[in-house]
Amino acid sequence: RDASWELEENAYQDLLQCYQHCDIKRCLCKKGRDYNEPDSKWEIKRCQCCGSRGTHLACSSMKSWEQNWECTECRSILAKSGNYSKQKKRSLATSEKTDGTSCLLEEPSPKCPRQSPGSQRSFLLRSPKIMCQNNLSPCSHLELPASNRVTMSLSPRMSNRNCSSRKKHLRNQRREVSNILKELKLQVNTKTTRLNINAENIWNSALKGFRQRNFSPTNTIEIKFTNCKNRSKTDTSTASKHHFFQLLMLHLQNSSLFEGSSAKNLSLDFQAVKENLYFEAGKMIAVSLVHGGPSPYFFSKTLFNCIVYGPENVTPALEDVADVDVARTIKMIKYANSLSSLQSAIHDCYDFLAAAGCLRPITSLCDKNMLVNDILIHHVIRRIISPLESFTQGLKTLGVLEKMQMHPDAFSSILCHRPERLSAETICDLFTIHSSSDVNKVEGADFWMGYLQDVESGESLVTLEDILLFVTGSFSIPPVGFDPEPTIKFLHIRYPVGNRLLNCLELPITETYEQFKNKMEFTIRNTLRVERE
């Protein structure tokens, strides 16, 4: 017969309850972790593996319910079993089926491909973002009268339709990480903290600033550059902050805290461990990412995986060994072709193996593989476990580490890969044009696009990086994007003006393209030359 407790009313009620709680460290929902609103960004998604952890869609930067999500515990297990990359590929395939316009967190600005009448070129670029002057709202193609439509046609080089799938994937990942960092940036308040920075001693002055008592990563950062003669040049614009973080990331890349050529791992610097510099380095990188600075982009895959999945789930490779002598020792063992040559190689480096705790009985040639693996794990991971733990703690600043662990593919695109070279198409998409009737009369937007094409093809004395520097003060587009977003205005002025405080490029209205190009060349070249001097 049935057990008596099974006959009680609602005996199985507990089995019908789904887990409804957001377990993300920084829950963004103002109504609490238990709040669940279906078909919204505050709907709770449960871990697809265990079902016993949850997150609001917004708290994990998920665009739709169809995207898969794994909790930190399950992700660690998957990484250890080697199944995590397969899971991510399935998740990516699912998310790509989702209509991009149904994004719960952010709607893309409307951009429509517009056919250029009379154009003899077969390749078209999406038209630049046009903002109506009256209400500053995006104008669709149909909203603009025929006389106000800005049509663009570009060469095959600018359309870049044949770019590799790898580059396309990286672009999508960088777009995703930009949205994630923008959410983290919401923590930054209007209270300012000023850092006095000596560009000739960037590390010590930055370290002093980050360690001062009133420094908080959630405050707005202002930079005051000083020279060696104690005369100060104050520039509290966004440009000075870009420049500061660029110098800082470059210093970290070449510092004693990291080792390797292009893809770097953490080194073992006992003095840096004693002074807690690895923690400060991680903190600086996190602050740079959220506050609009550049990404370090020099992490090796091994370092990145240690941070995201845990060092116990990572197998290093020979390429991760920067020490020439250690690499030579590993190669002697790895490429030994007989048991006697293997034993001879082990004998030659006996003291090193004993100090590393890697001595093991060797009875056959195949034992060399386990020995090589032991040496790699010791040298690349176990040896620097203390710096790694400290560095990881620093990356927790502003919640960056947690987002890295939740979106490893996205953050890998900015930490392990160099920024994509600027193209005319990238610059076109970056700027929003504030239109007016004058723009269409003189074909100002056409002149702008034609100039970008000339610059990209080398038919100009300036580069695309020069244009970006002239307007924003930065050579590259930061992972979080620019704030405010770059805009273009066509005005009745003699020469172009780059307003770095507003990231606004004011362009002159000219009658011919040659006049427009000459004014651009003259102004940008001379402005940047004076700044360098």
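The values are calculated or read from the model by the stated rules, or taken from the named source; none is laboratory data. Everything numeric here is computed off the predicted structure, so don't read it as measured data. Here the Cβ positions follow ideal geometry from the backbone for every residue, glycine too, while neighbour counts run over all protein chains shown. Protein only, heavy atoms only, side chains kept; ligands, DNA and RNA dropped before computing areas. Shrake-Rupley method; radii C 1.70, N 1.55, O 1.52, S 1.80 Å.
Key figures for this structure:
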item: Subset of the stretch 500-525 that is open to solvent by 50 Å² or more (accessible area, probe 1.4 Å) and not charged (D, E, K, R) - its residue that is farthest from the chain's Cα centre (by Cα); result: Thr512
item: Residue match in the stretch 378-391 (condition: acidic (Asp, Glu), open to solvent by 40 Å² or more (accessible area, probe 1.4 Å) and within 20 Å of Lys167 (Cα to Cα)); result: no
item: Qualifying residue in the stretch 431-445 (condition: of a type outside the set (S, T, N, Q), more than 20 Å from Leu184 (Cβ to Cβ), surrounded by fewer than 22 Cβ atoms within 10 Å (Cβ to Cβ) and not assigned by the TED database to the domain that holds Phe522); result: no
item: Cross-chain or 6+ apart pairs with Cβ under 7 Å, the stretch 301-312 first and within 20 Å of Glu259 (Cβ to Cβ) and in the same structural domain as His407 (by the TED database), then of a type in the set (Asp, Glu) and open to solvent by 10 Å² or more (accessible area, probe 1.4 Å); result: Thr302/Asp320
item: Pairs with Cβ under 8 Å, 6+ apart, first in the stretch 159-176 and more than 15 Å from Asp429 (Cα to Cα), second at pLDDT 75 or above and charged (D, E, K, R); result: Lys167/Glu420; Leu170/Glu420; Gln173/Asp409
item: Matching residues, the stretch 256-286, being open to solvent by 20 Å² or more (accessible area, probe 1.4 Å) and of a type in the set (Gly, Ala, Ser); result: Ser256, Gly260, Ser261, Ser262, Ala263
item: Test: residue in the stretch 361-372 that is closer than 24 Å to Ser262 by Cβ and either in contact (Cβ under 8 Å) with a residue 12 or more places away in the chain or not in a loop (DSSP other than H, G, I, E, B) (or both); result: yes
item: Residues of the stretch 1-59 that turn out to be exposed (fewer than 13 other Cβ atoms within 10 Å of the Cβ), among the aliphatic types (A, V, I, L, M) and outside any loop (DSSP other than H, G, I, E, B), as a count; result: 3
item: Scan of the stretch 287-338 for residues that are assigned to a helix (DSSP H, G or I), touching a Ser or Thr at 6+ places or on another chain (Cβ under 7 Å) and surrounded by fewer than 21 Cβ atoms within 10 Å (Cβ to Cβ), ordered by number; result: Phe304, Tyr309, Asn313
